[in-house]
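Notes follow once the structure below has been shown.
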Amino acid sequence: MSEQQRTNTSIQDQGGSPANMPGFGGPRGPMANLGKPKVRAKDLGGTIRKLWRYLAVHKWMLILVLFMVVVNVAMGLLGPYVLGLAVDNLVYEEGDGLMRLIICLGGIYAGLSLSAFLQNYWMIGISQKTVYTMRKDLFRRLHLLPIDYFVKRRHGELMSRITNDIDNVSQTLNSSFIQIFSSVLTFAGMLVLMAALSPLLTLVTLLIVPLMLLGMRWITSRTGRLFKEQQRHLGELNGYVEETVSGQRIVKLFSQEKRVIEEFMEKNRRLRDASYWAQVYSGFIPKLMNVLNNASFAIIAAIGGWLTLRGVISVGTILVFAEYARQFTRPLNDLANQFNTLLSAVAGAERVFEVMEEEPEFEDHEDHEDPREKVHPQTAQLQTVRGEIRFENVSFSYDGDEGEKLDTLQGIDLHVKPGETMALVGPTGAGKTTITSLLARFYDPQQGRILIDGLDITTIARNELRRLMGFVLQDTFLFTGTIRENIRYGRLDASDEEVERAAKLANAHSFIIQLPQGYDTVLTQDAADISQGQRQLLAIARAILADPAILILDEATSSIDTITEIKIQEALYRLMQGRTSIVVAHRLNTIQNADQIVVLHQGRIIERGTHQSLLAKKGYYHDLYQSQFTSEAM
Ligand SMILES: Nc1ncnc2c1ncn2[C@@H]1O[C@H](COP(=O)(O)OP(=O)(O)OP(=O)(O)O)[C@@H](O)[C@H]1O
């Protein structure tokens with residue numbers, strides 16, 4: 001249960017039964033939206049139009065739902081009216097024809113229940129189908145977006161669009177749509193019927209509305225602030241818990257448990273105080289409304305009784321009024337609540353549409369629903385790729401435009417022959433990883449060209465291009481699933497034997513079979529139960545299985561024990577055989593056999609050659625090698 005829900009429930013709990021608390025007994029009291037940050041759509045009309053496009057697919061069902069709402073409201077209004085007639089019948093006609101009225105009443109309440117059931121049943125169908133399609137479209141678009149989109153956004157925020165925002169839309173469609181329509185109809189219908197029965201009593205009933213609004217304003221002006229305070233403290237507390245739980249290892253390593261508990265206690269205390277006053281004030285609301293409602297009831301009874309005695313209205317009319325007055329404020333409250341919920345759902349929908357309208361990275365997307373399905377003319381030539389790589393005067397900047405100063409990479413010329421290994425070295429931030437990102441077309445350079453087997457890579461569809469490459473990165477990402485499934489990620493149609501053969505070549509087989517479930521061991525997403533080195537071995541097995549023409553290795557910086565390191569080196573050596581490889585190297589002892597070593601510094605190539613030639617040159621590489629060699633020897 002969310003804090004907001006808890007808050008609502010507690011208001012309700014203190015208010016007594018719905019019967020003695022008109023308008024405030026429902027699960028969403030007038031305070032339901034208090035404390036909720038006011039999220040509003042930037043383009044309300046536009047977003048509603050887009051949402052309508054999804055809903056319009058089910059327009060016949062919607063018309064049916066609306067019809068059921070009309071039936072439901074009509075039955076709801078007719079019920080008390082016929083009850084009044086029945087009472088009058090008893091009082092003035094001594095029960096003559098009462099049976100007919102009772103049967104009629106039974107029919108009305110049966111119709112009321114049936115229409116309520118059908119309107120909800122059909123509306124839930126519409127909303128679930130709508131959000132299903134939205135979720136599908138959103139997820140699909142998300143996977144067509146460029147990597148930059150993900151780099152620049154927090155993952156949690158993106159996740160919340162797929163989960164919370166869509167959920168919000170779903171909840172609102174489930175309930176608000178019907179509620180709003182029903183509330184407007186009920187309110188208008190009640191007003192008309194009441195005015196027709198007795199204009200004087202209608203005026204008396206209406207008196208309660210301004211009083212109620214004033215009372216609510218008085219309280220909400222106080223509680224609004226308090227609930228916000230409560231939400232803020234709750235947010236802080238949650239954030240703190242999340243941080244300390246995920247950072248448990250560090251907390252323990254630095255013996256910070258005591259301090260962490262003390263800080264938590266302080267935040268917990270602040271939350272308790274804020275919640276206390278928020279709840280105390282909000283507890284007044286149902287009480288106040290009870291008083292107002294009882295007062296209005298008493299006035300109606302008094303004036304109604306007086307009018308009856310004078311023969312102006314019948315006993316049944318008082319009964320109808322009492323019932324309508326009891327329900328009178330409900331549609332108003334419902335409308336106020338639903339309106340807020342609706343606005344926040346539209347804001348959620350807007351965030352969803354924002355993602356859907358992002359430009360996908362596939363240039364040929366206009367004429368294809370999923371551009372990945374389009375076969376690029378150059379693809380045929382890539383079937384037998386040799387793996388020759390050329391960078392011709394490539395300059396690039398992450399946020400630069402053509403013509404501006406491009407400084408992440410400046411005038412890079414590279415040539416790697418098929419089957420050769422090129423190592424990229426240089427200090428942190430020199431641009432090594434950026435070179436591999438350009439090769440995979442995560443970004444396109446603003447100047448210069450990159451060619452594979454003489455083909456400009458901008459003429460190759462990105463997915464085709466990436467299919468030529470295998471990546472073994474510093475941070476091996478493992479998905480939730482078995483080890484077998486994780487290795488098979490390299491080539492989905494590989495048989496179990498092929499998976500095992502790849503694991504053997506990657507030196508991963510021996511550690512896998514020592515696990516109790518072997519290849520069927522289920523890894524969690526962070527795979528905390530296997531070591532960094534073992535993760536790398538799995539990544540190598542994945543790459544061996546994929547059998548790419550070009551290999552990109554981003555060496556792990558973290559130190560791995562010597563035995564695992566030897567295993568990794570051996571596996572990598574096997575993997576690199578016969579493939580063009582680009583190695584982003586951090587430790588120079590692993591790249592001494594590379595066919596060429598390129599030294600980068602601040603986005604420029606400052607030296608290149610073989611290990612021996614660079615050492616002989618006694619330049620930057622020589623110094624780097626010496627310093628690493630000395631520090632490793634120490
Ligand atoms: N997505 C990005 N957006 C903006 N700037 C970036 C991005 N990625 C890297 N950079 C910047 O580009 C420069 C080159 O980064 P790059 O990751 O290529 O360096 P590197 O040589 O691989 O470094 P390291 O050895 O630390 O991995 C750095 O200044 C870095 O801050």
Counting only residues that are touching a Lys or Arg at 6+ places or on another chain (Cβ under 6 Å) and more than 19 Å from residue 620 (Cβ to Cβ), which one in the range 397-439 is nearest to the ligand (Cβ to nearest atom)?
415
Which residues, taken from the range 571-591, are surrounded by 14 or more Cβ atoms within 10 Å (Cβ to Cβ), farther than 15 Å from residue 419 by Cα and more than 16 Å from the ligand (Cβ to nearest atom)?
571
Contact list please: Cβ distance under 6 Å, first residue in the range 508-522 and part of a loop (DSSP other than H, G, I, E, B), second residue surrounded by 13 or more Cβ atoms within 10 Å (Cβ to Cβ) and not hydrophobic (A, V, I, L, M, F, W, C), pairs at least six apart or on different chains.
515/521
Residue in the range 482-501 that is more than 21 Å from residue 552 (Cβ to Cβ), free of Cβ contacts under 8 Å to residues at least 60 places away in the same chain, within 16 Å of the ligand (Cβ to nearest atom) and assigned to a loop (DSSP other than H, G, I, E, B) present:
no
Checklist (1) β-branched (Val, Ile, Thr); (2) within 13 Å of the ligand (Cβ to nearest atom); (3) at pLDDT 80 or above applied to residue 597, failing item
(2)
Quick check on my filter: what residues within the range 301-319 are more than 60 Å from the chain's Cα centre (by Cα) and closer than 14 Å to residue 89 by Cα?
none
Suppose we filter 158, 142, 138 for residues that are crowded, with 18+ Cβ neighbours inside 10 Å, under 24 Å from residue 442 (Cβ atoms) and in the same structural domain as residue 346 (by TED's automatic domain parsing); which single one remains?
138
Of the residues that sit in the range 53-102 and are more than 30 Å from residue 311 (Cα to Cα) and among the basic types (Lys, Arg), which one is farthest from the chain's Cα centre (by Cα)?
59
Mind listing just one residue for me: the one in the range 546-560 that is within 33 Å of the chain's Cα centre (by Cα) and at pLDDT 85 or above and, of those, farthest from the ligand (Cβ to nearest atom)?
546
Just one of 537, 615, 624 is at pLDDT 80 or above and within 16 Å of the ligand (Cβ to nearest atom); which is it?
624
Residues satisfying the stated conditions in the range 62-101, i.e. loosely packed, with under 15 Cβ neighbours inside 10 Å and at pLDDT 90 or above
63, 67
Residue pairs meeting the criteria (Cβ under 7 Å; at least 6 apart or on separate chains; first over 16 Å from residue 622 (Cα atoms), in the range 580-600; second outside any strand (DSSP E or B) and within 13 Å of the ligand (Cβ to nearest atom)):
582/436; 583/555; 584/432; 584/433; 584/436; 584/555
Tell me which residues, restricted to the range 295-313, are modelled with pLDDT of 80 or more and among the polar types (S, T, N, Q).
308
Check off (1) modelled with pLDDT of 85 or more; (2) touching a helix residue (DSSP H, G or I) at 6+ places or on another chain (Cβ under 7 Å); (3) not in a strand (DSSP E or B) for residue 478 and give me the number that stays unchecked.
(1)
Which of the helices (runs of 4 or more DSSP H) contained wholly in the range 138-245 include at least 3 residues that are over 17 Å from the mean Cα position of the chain (by Cα) and touching a residue at least 60 places away in the same chain (Cβ under 8 Å)?
166-197
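The values are calculated or read from the model by the stated rules, or taken from the named source; none is laboratory data. Source: prediction; values computed, not measured. Neighbour counts run over all protein chains shown; Cβ positions are idealised from the backbone, glycine included.
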